[in-house]
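Below you'll find the structure, written out as structure tokens, and then a few comments.
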Amino acid sequence: MHERKQPETLRLRSVMPALTVNDIAASLAWYRDVLGFLVTREMQHEGKLVGALLKAGTVELLLSQDNFAKGRDRQKGVGLRLYAVTGQDIDQLAEAIASRGGVLVQPPKDQPWGTRDFAVTDPDGFQISISAPMAQ
């Protein structure tokens, strides 16, 4: 058996981004109806939707309603891009997302590092790149 380095280094099994959004209902609809995430749980507080847990394949994403404590004009999505990897056909996936109202800020493109990807931006400005390895 291989000995672990001491002190132990961090070993994670997954990461779940949590995005604070301006309008939870609109964002939930966009991630579900445009991108194709499944809603696995909705969180309510005093009868009002305040969050949602979403899943696509093995990836989970948490959306939460901004409480606007830092102001209603606080810019979101700046400096953050989510990179997602899929085994699906990138061109077909991008076409399906566009047909459901998604705006491709970068159409499918071959990258020099061996992937083909496209990019979209969610209603709050969070950027999402979806890629797949190119056939060798």
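None of the figures in this text is laboratory data; all of them are computed from the coordinates on show. This one's a predicted model, so the numbers in the text were calculated from it and none came from an experiment. With ideal geometry, Cβ positions are generated from the backbone for all residues, glycine too; neighbour counts draw on all protein chains shown.
Give the cross-link partners of Lys70 among the lysines, using a straight C-alpha distance below 24 Å as the criterion and excluding same-chain residues fewer than 8 apart.
Once the sequence-local lysines are set aside, what remains near Lys70 is Lys48.
Please list the non-local residues whose amide H lies under 5 Å from the amide H of Arg116, H modeled 1.01 Å from N, same-chain partners needing a gap of 5 or more.
Under 5 Å from the amide H of Arg116: Gln111, Ala132, Met134.
What does the net charge come to around Phe68 if you take all other residues with beta carbon closer than 15 Å to its beta carbon, with K and R at +1 and D and E at -1? Provide the component values of the computation, followed by the final result.
Details: positive: Lys48, Lys70, Arg72, Arg74, Lys76; negative: Asp23, Asp66, Asp73, Asp124.
Here the count lands on +1.
Apply the a/c threshold of 1.5 to the C-alpha gyration tensor of the chain and tell me whether it is rounded, prolate or oblate. Let's see the in-between values first.
Working: a/c = 1.84, a/b = 1.13, b/c = 1.63.
Oblate, since a/c reaches 1.5 and b/c is not below a/b.
I need the chymotrypsin sites (Phe, Trp or Tyr not before Pro) found in region 1-95, filtered to DSSP loop residues with at most 16 other beta carbons within 10 Å of theirs. Don't skip to the answer; put the middle values down first.
On the way: sites: Trp30, Tyr31, Phe37, Phe68, Tyr83; in loops: Phe37, Phe68.
The qualifying sites are Phe68.
Taking the Cβ-Cβ separation of Ala98 and Arg11 as r and a Förster radius of 35 Å, what is the calculated FRET efficiency to the nearest 0.05?
Here the calculated transfer efficiency is 0.35.
Excluding Pro123 itself, calculate the net charge of residues whose Cβ lies under 13 Å from the Cβ of Pro123, where each Lys or Arg counts +1 and each Asp or Glu counts -1. Each step should come with its number before you reach the end.
Details: positive: Arg32, Lys76; negative: Asp23, Asp33, Asp66, Asp122, Asp124.
Neighbour charge sum, excluding Pro123 itself: -3.
Using 0.36 nm times the number of residues separating Val50 and Ala135, minus their current alpha carbon distance, what extension gain do you get? Don't skip to the end; give the middle numbers.
Numbers: separation 85, 0.36 × 85 = 30.60 nm, distance 4.18 nm.
Length difference between fully extended and current span is 26.4 nm.
Determine which lysines satisfy two conditions relative to Lys109: a Cα distance under 16 Å, and not lying fewer than 8 residues away in the same chain.
none
At Ala26 and Glu3, where each label point lies 7 Å from the Cα along Cα→Cβ, what is the point-to-point distance in nanometres?
5.8
Suppose we keep just the DSSP beta bridges with both residues in region 67-136; what percent of those would be antiparallel, to 5? Could you put the intermediate results ahead of the total?
Values: 11 of 16 bridges.
Approximately 70 percent, going by the DSSP bridge assignments.
For region 1-95, which GluC sites (Glu not before Pro) are in a loop by DSSP, counting at most 12 other Cβ atoms within 10 Å? Present the calculation step by step, with values, prior to reporting the outcome.
Details: sites: Glu3, Glu8, Glu42, Glu46, Glu60, Glu95; in loops: Glu3, Glu8, Glu46.
Those that pass, being in a loop and sparsely packed, are Glu3, Glu8, Glu46.
Can you give the calculated 222 nm mean residue ellipticity of the chain, where each DSSP H run of n ≥ 4 adds -39,500 (n - 2.57) and the sum is split over every residue, rounded to the nearest 500 deg cm²/dmol? Before the final figure, lay out the partial values.
On the way: 2 runs with 16 residues, N = 136.
Mean residue ellipticity at 222 nm (helix-derived): -3000 deg cm²/dmol.
Would you mind checking which residues have amide H under 5 Å from Thr20's amide H? H placed 1.01 Å from N; only 5 or more apart, or other chain.
Those lying under 5 Å, H to H, from Thr20 are Ser64.
Region 30-121: which trypsin sites (Lys or Arg not before Pro) are DSSP loop and have at most 14 other beta-carbon atoms within 10 angstrom? Please report the intermediate quantities before stating the final value.
Working: sites: Arg32, Arg41, Lys48, Lys55, Lys70, Arg72, Arg74, Lys76, Arg81, Arg100, Lys109, Arg116; in loops: Lys70, Arg72, Arg74, Lys76, Arg100.
The qualifying sites are Lys70, Arg72, Arg74, Arg100.
Work out, step by step, the length gained on full extension between Asp73 and Val59: first 0.36 nm times the residue separation, then minus their alpha carbon distance; give nm to one decimal. Could you put the intermediate results ahead of the total?
Values: separation 14, 0.36 × 14 = 5.04 nm, distance 2.97 nm.
Extra length available between Asp73 and Val59 comes to 2.1 nm.
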